[in-house]
Amino acid sequence: MTAPFADGPAMLDWLRTRRSVRNFAADPVDRAVLERLIEAARTAPSSSNRQPWRFAVVTSASARQAIIEAIRIRVAEIETVIRRGHHADDYGNYGDFFFEPLANAPVIVVPQFRDYPDLIGNLIESGGGDRSQFSTAAAMHAERCSTSAAVMALLLQAHAEGLGACWMAGPMVARHDIERQLRIARPFQMVGAIAVGHLQQAPAAPPRKSVEQIAQWFQD
Ligand SMILES: Cc1cc2nc3c(=O)[nH]c(=O)nc-3n(C[C@H](O)[C@H](O)[C@H](O)COP(=O)(O)O)c2cc1C
């Protein structure tokens, strides 16, 4: 199937237009569109093709409110502790960043991953070896990495649908409350939360490190 873009540079131009969106219009997002976001996540590569991910798609207003409230409570607790020390100014209003994008999003997606046994490590031990002497996929947290790839596909699909989205680590402060609310039980665990909704206005592009700063070339 041909790419929807004329060429590589056109694809790159489009990738550059994706933003983390933190303000949304009130309109709900169609179920068919949300299903395409999950379909997009399914296309991601994963370690040993285990597809270790799952996604809670929360559109219920009361369930969203409960998530936001749980984060607010934890943020307030964290603030109270930090303000007892000498770094209250460093923290500032950082806590707002933990839940604000969710506050007006009509959809909250909670991505989850599960670990799998370290197959190669187990095989090494079955041969009498010491797994700590070898590095395996476990060293790169392969299931969590795979789920990050799925989240990126979801974010790009949202962008292509004209939606805004913001993947957030902030909700992790209320991880146990949110997992309980959404009945996320081991072996699954949440990896942040994604605010999704119709775009109001695309924010300005934040600065990016240059290719020179991040690429290490090993060439002949
Ligand atoms: C793992 C991860 C965690 C993030 N956590 C938050 C967050 O808690 N709150 C928030 O507003 N944005 C969060 N972001 C969005 C980043 O701030 C954003 O990606 C970055 O500033 C670059 O902006 P851009 O996505 O528009 O290019 C997170 C992004 C990632 C990948």
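The values are calculated or read from the model by the stated rules, or taken from the named source; none is laboratory data. Keep in mind the model is a prediction, meaning the values are calculated, not measured. Every residue, glycine as well, gets a Cβ built from its backbone with ideal geometry; the counts of neighbours run over all protein chains shown. Surface areas here come from the heavy atoms of the whole protein model, side chains and all, with no ligands, DNA or RNA. Shrake-Rupley method; radii C 1.70, N 1.55, O 1.52, S 1.80 Å.
Here are some residues: Ala160, Ala169. Which one is within 23 Å of Val21 (Cα to Cα), at pLDDT 95 or above and touching a Pro at 6+ places or on another chain (Cβ under 9 Å)?
Ala160
Here Val211, Val196, Val191 are screened, and the one residue that is under 18 Å from the mean Cα position of the chain (by Cα), more than 19 Å from His159 (Cα to Cα) and either within 13 Å of the ligand (Cβ to nearest atom) or modelled with pLDDT of 95 or more (or both) is Val191.
Residues in the range 143-173 that are open to solvent by 50 Å² or more (accessible area, probe 1.4 Å) and either under 14 Å from the mean Cα position of the chain (by Cα) or among the polar types (S, T, N, Q) (or both): Arg144, Cys145, Met152, Gln157, Trp167, Ala169, Met172. Is it the case that some residue within the range 59-82 is farther than 23 Å from Ile178 by Cα, at pLDDT 95 or above and open to solvent by 90 Å² or more (accessible area, probe 1.4 Å)? Checking the range 59-82: not a single residue is farther than 23 Å from Ile178 by Cα, at pLDDT 95 or above and open to solvent by 90 Å² or more (accessible area, probe 1.4 Å).
The set of residues from the range 93-142 being open to solvent by less than 80 Å² (accessible area, probe 1.4 Å), out of contact with any Lys or Arg (no Cβ under 9 Å at 6 or more places or on another chain) and more than 17 Å from Gly192 (Cβ to Cβ) comprises Gly127, Gly128, Gly129, Asp130, Arg131, Thr136, Ala137, Ala139. On inspection, Ile67 qualifies as within 14 Å of the ligand (Cβ to nearest atom), of a type outside the set (D, E, K, R) and in a helix (DSSP H, G or I).
Taking (1) within 16 Å of the ligand (Cβ to nearest atom); (2) touching a Leu at 6+ places or on another chain (Cβ under 9 Å); (3) without any contact (Cβ under 8 Å) to a residue 60 or more places away in the chain in turn, Leu12 satisfies each apart from (2). The single condition from (1) within 16 Å of the ligand (Cβ to nearest atom); (2) farther than 30 Å from Ala25 by Cβ; (3) not aromatic (Phe, Trp, Tyr) that Ser148 fails is (2). Scanning the range 190-220 for residues that are more than 17 Å from Leu163 (Cβ to Cβ) and in contact with a strand residue (DSSP E or B) (Cβ under 6 Å, 6 or more places away or on another chain), we see that the one that is most open to solvent (accessible area, probe 1.4 Å) is Val191.
Being charged (D, E, K, R), under 29 Å from Ala3 (Cα atoms) and more than 12 Å from the ligand (Cβ to nearest atom) is a property that Glu161 has. A residue that is surrounded by 15 or more Cβ atoms within 10 Å (Cβ to Cβ) and under 20 Å from Arg50 (Cβ atoms) can be found somewhere in the range 175-184.
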